[in-house]
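This report concerns only the one structure given below.
Taken together, the values in this text are just the output of simple stated rules run on the coordinates, not laboratory data. Everything quoted here is computed from the prediction, not taken from an experiment. Cβ atoms come from the backbone with ideal geometry, glycine included; neighbour counts cover every protein chain shown.
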Amino acid sequence: MSSERTSLITARPPGLVDVLDRILDKGLVIAGDIKVSLANVELLTLQIRLLVCSIDKAEQIGLNWWRYDTNLTRAATAEAENAELRERIASLEHHVRQLGGAPADIREPAAAPRKARPPKSAPPRKSRKR
């Protein structure tokens, strides 16, 4: 009975997990073109390319666009840029205090933002009849 059981286990078809593991490990490419024509005039062409693989496999074949995509890496980049800008502001404030002779512990209040003036509109032109 145990020999029947082992033969059933080895003969079973691969499950979804096995298939996904193999696809992510090896990679899967799906490519296709869809063309819409009317009276032999091509109206629309869609080229579909799909690559399904793991991140490790993608990096092996040279696909690592997500590292440089600003939509995906914006938070980390913004935090680093924010820290750098804060350091520059502190350095500039230090230099201004040294040049102006103001005490180091007193900060001047920030200037109020200017209100935007509405753009001047040109007076309407008078039409002349000849």
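For this structure, a couple of remarks:
- With both labels modelled 7 Å from their Cα along Cα-to-Cβ, the LEU51 to ILE34 distance reads 2.3 nm.
- Cα-centred dipole magnitude for the range 41-98, charges only on beta-carbon of K, R (+1) and D, E (-1), debye, nearest 20: 40
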